[in-house]
Every structure is written in structure tokens, then in C-alpha cells.
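The values are calculated or read from the model by the stated rules, or taken from the named source; none is laboratory data. What you see is a predicted model, and the numbers here were worked out from it, not measured in a lab. Neighbour counts are summed over all protein chains in view; Cβ atoms, including those assigned to glycine, are modelled from backbone coordinates with ideal geometry.
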Amino acid sequence: MLRVDLLRHGALAGGIKYRGHTDDPLTKQGRADMDMVWQQLAAEVDIIITSPLSRCSDAANDWAAQSGTPCIIEPRIAEMHYGTWEGKTGEAISAEFPGMLEQWRRDPTGMRPPGGESAEELHQRLQSWLMEVSTSYQNKKLLVVSHSGTLRMLIALALRAPIASTRHMDMPYACWSRLYCDGEGTRLAFHQRA
């Protein structure tokens, strides 16, 4: 059976905004929160798989170097690309695109931030990645370091839930969740453990 621990990056400098591929640095507390989860997992992890964005990969690469655990940088688990919304606050997006952000927050199905990625495209790339991982890493313990949108979508995939269900999941900074994958499918063992 494959065990997949999911870890969202910690708090970021620059306040709350739609970052997507905008790569703001972690705060000191954000990194400390991630390190705290790693300390609980370090002895058990066979492979670390991380988003290429530095808010995930810096910590993952440091942990790999310290522990000798292999670390794979995987572009398919990067955050959703928000196009022209990248780096903007919700207020700025609402002013520039009246009604669009509110509709997207309610249900992202069938919507795309201008110049960005749709929820269906994110779902598709994560579904193919999860299928690949579940067959390639049987009986391994993986740590996946990624982003709120990505991890919520992976949980939705595990639960066979619709894309819109991601809007009903809390994913705080440094949130730790666990999935198990076997021949019968994928299941969520826990969510939001610290």
C-alpha cells in the first residue's frame, strides 16, 4: 500500500493574494511550521516530491540534504496558474473583473482566470500524476510538498468528489493530510493534522 503525506507550504511574505506561480518567499514562521511537520515524518519518508516553486522546494531540498531522502521536483504538482490574477488581492481582482472572482469562488467548474489554467486542467494533470504515482511507488511512503489548490484537488480526486468540492475544504498553511492508495482506490486517512 502506498502512503502519501500531503504538506502545504507555510505562511508567505506579502499577505493574502492569488499567487499561483508567483513565487513569494516563506516567512520564518511559515518555514518553522513546515519543519515541525517534517520532524514528525522524517524517519518514515522514502521519497519527497515537491512543487518546483521555492516556497515548497527550498524546504524539501533542505530536508532531503539533511536526511539523505531522495527529492523529486515535479512540475505537475505546482499551483494552478491564475493568469492575469497572479499576485493580486481578491479586492483588486473583483475591481478589474466584476463578478468573475465571486462566481469562481462558488464553483470553479467551467471557469478560467483570464490567461490562466482552468480547474478542469488542474484536475486532469493531477489525476494523471496520481495514477502514475499510485502504480510506480507501491509500498512506499511519499511526502508531497505543494499548494492549497493542488492539495485540495488531490483530496477531491482521492474521495472521487466533484471539482466544486474543493471550495468546501480548509487548507491552512503547513496543513498535513494523508492518503493511502491501493488496488481498491485512494482514501483520505486524515486532514489538517499538525
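Values for this structure:
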| item | result |
| --- | --- |
| Options SER134, SER165, SER148; residue that is in contact with a strand residue (DSSP E or B) (Cβ under 7 Å, 6 or more places away or on another chain) and modelled with pLDDT under 95 | SER134 |
| Some residue of the stretch 107-128 being at pLDDT 95 or above, over 16 Å from THR166 (Cβ atoms) and among the charged types (D, E, K, R) | no |
| Qualifying residue in the stretch 27-47 (condition: out of contact with any Gly (no Cβ under 7 Å at 6 or more places or on another chain), in a strand (DSSP E or B) and surrounded by 14 or more Cβ atoms within 10 Å (Cβ to Cβ)) | yes |
| Residue tally, condition in contact with a helix residue (DSSP H, G or I) (Cβ under 6 Å, 6 or more places away or on another chain), in a loop (DSSP other than H, G, I, E, B) and either in contact (Cβ under 8 Å) with a residue 12 or more places away in the chain or surrounded by fewer than 14 Cβ atoms within 10 Å (Cβ to Cβ) (or both), over the stretch 78-115 | 8 |
| Test result for LEU7, in contact with a strand residue (DSSP E or B) (Cβ under 9 Å, 6 or more places away or on another chain), hydrophobic (A, V, I, L, M, F, W, C) and surrounded by fewer than 21 Cβ atoms within 10 Å (Cβ to Cβ) | no |
| SER51 touching a residue at least 12 places away in the same chain (Cβ under 8 Å), surrounded by 14 or more Cβ atoms within 10 Å (Cβ to Cβ), out of contact with any Phe, Trp or Tyr (no Cβ under 6 Å at 6 or more places or on another chain) and farther than 24 Å from GLU120 by Cβ | no |
| Neighbours by Cβ (under 6 Å, 6+ apart or cross-chain): first from the stretch 62-77, farther than 27 Å from SER128 by Cα; second of a type in the set (A, V, I, L, M, F, W, C) | SER67/ALA42 |
| Tabulated pairs, the stretch 135-164, first within 11 Å of TYR180 (Cα to Cα), second part of a strand (DSSP E or B) and of a type outside the set (A, V, I, L, M), C-beta under 6 angstrom, 6+ apart or interchain | LYS141/ARG3; ALA158/THR186 |
